[in-house]
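Here's the structure, in structure tokens; my notes come after.
The values are calculated or read from the model by the stated rules, or taken from the named source; none is laboratory data. In this text the structure is predicted, and so the values were computed from the model without any measurement. Here the Cβ is made from the backbone with ideal geometry for all residues, glycine too, and neighbour counts use every protein chain on show.
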Amino acid sequence: MNRHNDKNIKDVLQLFIHSNKKLEEGYQSTIIEDVWKNKMGNAIASYTTKIQLKDGTLYITLSSSPLRKELMMGKTKIIELMNEALEGNFVKEVLFY
């Protein structure tokens, strides 16, 4: 007996997550730390004490003031990198603390 709409579980879960905006935002919030570490590198990640994505704003707490000032100058690039990795337009603003 052949099934015509066989899909693997990964595709089904992605479809389910992407069909619900609130669920998709929650999923992105859970993977944001890994994405930050992968895109920014271990050096910057080691100075990051907290990272949170909420309502399109990425809140980043850093333990280094010079690094905070340096990253503030590259906000638009950070937004582009994060949205590219998250495969959507989830990050609209970045705030450093």
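If only one of GLY41, GLY56, GLY26 is on the phi > 0 side of the Ramachandran plot and out of contact with any Asp or Glu (no Cβ under 8 Å at 6 or more places or on another chain), which one is it?
Step by step, each of GLY41, GLY56, GLY26 is checked, and only GLY41 is on the phi > 0 side of the Ramachandran plot and out of contact with any Asp or Glu (no Cβ under 8 Å at 6 or more places or on another chain).
If I filter segment 46-59 for residues that are in a strand (DSSP E or B) and basic (Lys, Arg), do I get at least one hit?
Yes, there is a match, as at least one residue in segment 46-59 is in a strand (DSSP E or B) and basic (Lys, Arg).
Yes or no, residue by residue, for (1) modelled with pLDDT under 95; (2) part of a helix (DSSP H, G or I):
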site: MET1; (1), (2): yes, no
site: ASP6; (1), (2): yes, no
site: LYS10; (1), (2): yes, yes
site: PHE16; (1), (2): yes, yes
site: LEU23; (1), (2): yes, yes
site: GLY26; (1), (2): yes, yes
site: THR30; (1), (2): yes, yes
site: LEU95; (1), (2): no, no
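Could you please give the count of residues in segment 51-62 that are within 13 Å of the chain's Cα centre (by Cα) and farther than 18 Å from TYR27 by Cβ?
The total comes to 1.
How about segment 72-93: which of its residues are over 9 Å from the mean Cα position of the chain (by Cα), among the hydrophobic types (A, V, I, L, M, F, W, C) and part of a loop (DSSP other than H, G, I, E, B)?
Across segment 72-93, the qualifying residue is only MET73.
Cβ contacts < 8 Å: first residue under 15 Å from MET82 (Cβ atoms), restricted to segment 16-35; second residue of a type in the set (Gly, Ala, Ser) and in a helix (DSSP H, G or I), any location; separation 6+ or different chain. Result?
VAL35/ALA85
With the condition kept exactly as written, say whether any residue in segment 30-38 is over 15 Å from the mean Cα position of the chain (by Cα) and more than 16 Å from PHE96 (Cβ to Cβ).
The answer is no; no qualifying residue exists.
Which residue is nearest to LYS21 (Cα to Cα), if the candidates are limited to segment 60-74 and must be in contact with a strand residue (DSSP E or B) (Cβ under 7 Å, 6 or more places away or on another chain) and either surrounded by 15 or more Cβ atoms within 10 Å (Cβ to Cβ) or at pLDDT below 95 (or both)?
ILE60
Tell me, please, whether a residue that is among the small types (Gly, Ala, Ser) and surrounded by 10 or more Cβ atoms within 10 Å (Cβ to Cβ) can be found in segment 10-30.
For segment 10-30, residues among the small types (Gly, Ala, Ser) and surrounded by 10 or more Cβ atoms within 10 Å (Cβ to Cβ): present.
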